[in-house]
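All remarks here apply to the structure that follows.
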Amino acid sequence: MKLSKQASPSDSSHTQTATIPQPDQHSALLLVDLQNDFFPGGALAVPGADILIPLINAYIKHFSRHGWTILATRDWHPANHSSFTEQQGHWPIHGVQGSRGAQFHSDLVLPPGMMVISKGTDPKKDSRSGFDGTSLADRLEDLNIHTLYVLGLSTEHFVKHTVLDGCQRGLHVVLLTDATKGDNHQKEDSPNALQEMTDAGASLANIGDVGIPASSQ
Ligand code: ZN
């Protein structure tokens, strides 16, 4: 096992020395918002997010092969959701239930039976994190999950709040930085988000840190 010296190319300023836990049957992989609307061409696109897909598929394949839990969050808004600008919210229309933009990116190789956590389904409420107003915590408890490996979009919004809430709930959270990307509207957004997450107790890791052989990357 090598220690993570570098995060993803866009988030390369972080260094860390803590030991990274290796996934086992008490681990789950959480895919955050890998929906068309958050990829280039989508309503709230994270620039360059599509380059993550081969790595994301390698993580999925590894967890899948070992029979470890894989879950995915998705924005699943009604058409009149309060977060949309036309409802005096802050975001363009995105993640609308049943729309193409709300579908998972078609290049992802998702396992059959993957658990999907829908969020933002109440027109009046938005979810700050994957734990906010969803069944995620109950699911993880039922499955006896202690360590949560998180990847997805985008670093400084949903990924960050999901990681912070996971830490607060006593989970060991490992952020897979090479399969996570930020909007970086401000240049320091992603590095600051990573700092907040590690301050809360999260570990940062790349694919080589979690026992995935180079041949499958
Ligand atoms: Zn949303």
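The values are calculated or read from the model by the stated rules, or taken from the named source; none is laboratory data. Values in this document were obtained by computation on a predicted structure and should not be read as measured data. Note: ideal-geometry Cβ built from the backbone for every residue, glycine included; neighbour counts use all protein chains shown. To get the accessible areas, we keep the full protein, side chains included, count just its heavy atoms, and leave off ligands, DNA and RNA. Shrake-Rupley method; radii C 1.70, N 1.55, O 1.52, S 1.80 Å.
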Point to revise | MRE, 222 nm, helices only [DSSP H, n ≥ 4, -39500 (n - 2.57), over the chain, to nearest 500] | key: -5500 deg cm²/dmol
Check your understanding: Which whole-number value in Å² is the accessible area per residue of the chain, probe 1.4 Å?
Key -> 46
**Study point:** Computed lengthening from residue 125 to residue 51, 0.36 nm per intervening residue step minus Cα-Cα distance
**Key:** 23.5 nm
Review point. Among rounded, prolate and oblate, which fits the stretch 26-216 when a ≥ b ≥ c are the square roots of the eigenvalues of its C-alpha gyration tensor, a/c under 1.5 means rounded, and a/b larger than b/c means prolate?
Key: rounded
Study note, to complete from the structure: Residue by residue through the stretch 121-131, the couplings from Karplus 6.51 cos²θ - 1.76 cosθ + 1.60 with θ = phi - 60°, in Hz, x for Gly and Pro, are 7, 7, x, 8, 10, 10, 9, 7, 8, x, 8
Review point. Expressed as a whole percentage, what fraction of the accessible surface of the chain belongs to carbon and sulfur atoms when a 1.4 Å probe is rolled over the protein heavy atoms?
Key: 49
Review point. Given H placed on each backbone N at 1.01 Å, which residues far from residue 127 in sequence or on other chains put an amide H within less than 5 Å of it?
Key: 120
Practice item. Could you check what % of the DSSP bridge pairs in the chain are antiparallel, to the nearest 5? Key: 5
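If each residue of separation counts as 0.36 nm, what is the full-extension length gain between residue 142 and residue 195 once their alpha-carbon separation is subtracted? Before the final figure, lay out the partial values.
Values: separation 53, 0.36 × 53 = 19.08 nm, distance 3.04 nm.
My answer for the length gained is 16.0 nm.
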Study note, to complete from the structure: Karplus ³J(HN,Hα) for the stretch 162-172 (6.51 cos²θ - 1.76 cosθ + 1.60, θ = phi - 60°; Hz, whole; x = Gly/Pro) runs 5, 5, 4, 5, x, 4, 5, 7, x, 7, 7
Exercise for review: Give the peptides 25-38, 66-79, 137-150 in descending order of average Cβ contacts within 10 Å, highest first.
Suggested key: 25-38, 66-79, 137-150
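Can you sort 124, 119, 181 by 1.4 Å-probe accessible area, starting with the largest? Intermediate results must be reported in sequence, preceding the final value.
Values: 124 170, 119 5, 181 35 Å².
Ranking 124, 119, 181 by accessible area, largest first, yields 124, 181, 119.
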**Study point:** Under 29 Å between alpha carbons - lysine pairs in the chain that sit 8 or more apart or on different chains
**Key:** 20
Practice item. Compare 105, 62 by solvent-accessible area with a 1.4 Å probe and give them largest first, with all protein chains kept in place. Key: 105, 62
Exercise for review: Any chance you could give the angle, 0 to 90 degrees and rounded to 10, that helix 189-199 forms with the longest Cα principal axis of the chain?
Suggested key: 60
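What percent does the relative contact order of the stretch 26-216 come to when contacts are Cα pairs within less than 8 Å and at least six residues apart? The partial results should precede the final answer.
Numbers: 370 pairs, mean separation 44.9, N = 191.
Relative CO of the stretch 26-216 lands at 24 percent.
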